[in-house]
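Okay, here's the structure, questions in a sec.
The values are calculated or read from the model by the stated rules, or taken from the named source; none is laboratory data. From a predicted model like this one, the values you see are computed outputs, not experimental measurements. Note: ideal-geometry Cβ built from the backbone for every residue, glycine included; neighbour counts use all protein chains shown. Protein only, heavy atoms only, side chains kept; ligands, DNA and RNA dropped before computing areas. Shrake-Rupley method; radii C 1.70, N 1.55, O 1.52, S 1.80 Å.
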Amino acid sequence: MTTYRDANYALAQKSAYDLLETLGISNLPISVKKVIRVFPNLHLQRYDQYAKSLQCSEQEVAKLLQSDDGALWYNADDNDYIIFYNAKIDSKERIRFTLAHELGHYILRHNEESNETIVSRYLLPEGKYRIYEREANYFAKRFLAPVPVIDGFLSYNNYRIDQFDIESIFNVSFSVSGHIIDDLNRRKQYGLHGVKTKLTNQFDLLNFGLAKTTTCKTCNYLLLKDTVICPICGTKQNPQYINYLFLSKGWRNNLMNYKKPCRLDKGGKAIICPVCGNEEITNGPICPICGTYLINKCSGCSVTSEFDDIDDIKYACLESPNGCNMLLPSNARYCTQCGCMSTFYLQDVLSDYTEEFKLESDSKLKAI
């Protein structure tokens, strides 16, 4: 029976961090394409471009490269590499991760180690293929969202960051951000929460805050500047608004931290029911004990919507016929894109923000 080495996650992480430090990258989100273009023997080509040169379909290119997303092609004679990628995939975050993943194969020299043109399950033994894929995935995750940089944000934001923050700040998918949150929770258990390193200081997080964030003038909630609607109070945001709160002395003390009623899993569903506390959540979206809809997303219902009974509200949560179905943080009362009520707010899982605003404002006044 053939045995293979274990996946070297430590090497994958060190390689990602060393690359960021060597290139002196200090801006977010990290531009993967710019990094790829630094290497003279590493090139980029889209599937549609390659298909045109071969006079074939993009589906045939995907079959040739043995992937619908991307592949790293290695020419051993010239020591030349090409990252092929499918630019027509709907998710830009998925494309970014694919590019970082293939960059990981290049940096970790998987093609050279395996002596294969492409790292593929059809060319490699399954055990070796899984090791290379796990290492490349880990490299991509740490390269796109370095933990020391996340730790820097934690110290700026009173040690609060969630899956949606990571998704927005680092421009990764909701699924990847969920894995990162799981990593952070594990590190916290071992006392590694909020540890700063050289890489933390390399990224100018204060200037990132000034350039990329703002605060809602109505409820003082910290937002990214491209946010259309405040998720807490539903106020439409002005992209030209200057974040004076961020510039002010003691700005962190002025921010409002609206409580999150529950933790969400990678699919945006509550891990524990926020209403009855039931921990035995089934595969469905409804709590089997109290009937609460457990995913906080856009309901498609405006604040003026009227409902005859609770069944109408449940239908709005399940079907969302007019909503954009955008997943939302567990403390969001409103959809950040269209302004409709969230399913948690619709079900009274969340109270009106003014109640929490008044309580926290009063407690801050007493502390003065």
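Counting only heavy atoms of protein chains, what accessible area per residue, in Å², does segment 86-181 have with a probe of 1.4 Å?
Computed with neighbouring chains in place, this is 38 Å² per residue.
Let me ask another. Which entries of LYS52/LYS88; LYS34/LYS92; LYS217/LYS358; LYS225/LYS260 show an alpha-carbon separation above 18 angstrom in the structure shown?
Over 18 Å apart, Cα to Cα: LYS225/LYS260.
Determine, from the Cβ-Cβ distance of ASP90 and ASN185 and an R0 of 30 Å, the FRET efficiency 1/(1 + (r/R0)^6), rounded to the nearest 0.05.
Efficiency at R0 = 30 Å is approximately 0.55.
How far apart, in nm, are the 7 Å Cα→Cβ label points at ASN325 and SER173?
Placing both labels 7 Å beyond Cα along the Cβ direction yields 1.6 nm.
How long, wide and thick is segment 50-181, going by the Cα atoms along their three principal axes, in whole angstroms, largest first?
Projected onto the principal axes, the Cα atoms of segment 50-181 cover 53, 30, 26 Å.
Excluding ligands and nucleic acids, what accessible area in Å² is computed for LYS358 using a 1.4 Å probe, to the nearest 10?
For LYS358, the solvent-accessible surface is approximately 130 Å².
OK, next. Hand me the trypsin sites (Lys or Arg not before Pro) from segment 7-63 located in a DSSP loop with no more than 15 other Cβ atoms within 10 Å, in residue order please.
ARG37
Moving on to the next point. Would any residue of segment 106-142 have its amide N under 14 Å from a label point 7 Å out along Cα→Cβ of LYS14? List them or say none.
108
From the phi angles alone, apply the Karplus equation (6.51, -1.76, 1.60; θ = phi - 60°) to segment 62-76 and give each ³J(HN,Hα) in whole Hz, x where the residue is Gly or Pro.
Taking θ as phi minus 60°, the curve returns 4, 5, 5, 8, 6, 6, 7, 9, x, 7, 9, 9, 10, 10, 5 Hz for segment 62-76.
Which one of SER67, ASN79, ILE89 is farthest out on the positive end of the charge dipole of segment 1-142, using unit charges on Cβ (Lys, Arg +1; Asp, Glu -1) and the Cα centre as origin?
ILE89
From the cross-link list LYS188/LYS266; LYS188/LYS236; LYS14/LYS63; LYS188/LYS259; LYS14/LYS188, which pairs have alpha carbons spaced over 25 Å apart?
LYS188/LYS236; LYS14/LYS63
Something else: So what is log10(I(q)/I(0)) for segment 71-111 at q = 0.32 1/Å, when the Debye sum runs over its Cα atoms only?
Per q value, in the given order, log10 I(q)/I(0) is -1.08.
Carbon-plus-sulfur fraction of the accessible area of segment 82-125, 1.4 Å probe, in percent?
C and S atoms contribute 44 percent here.
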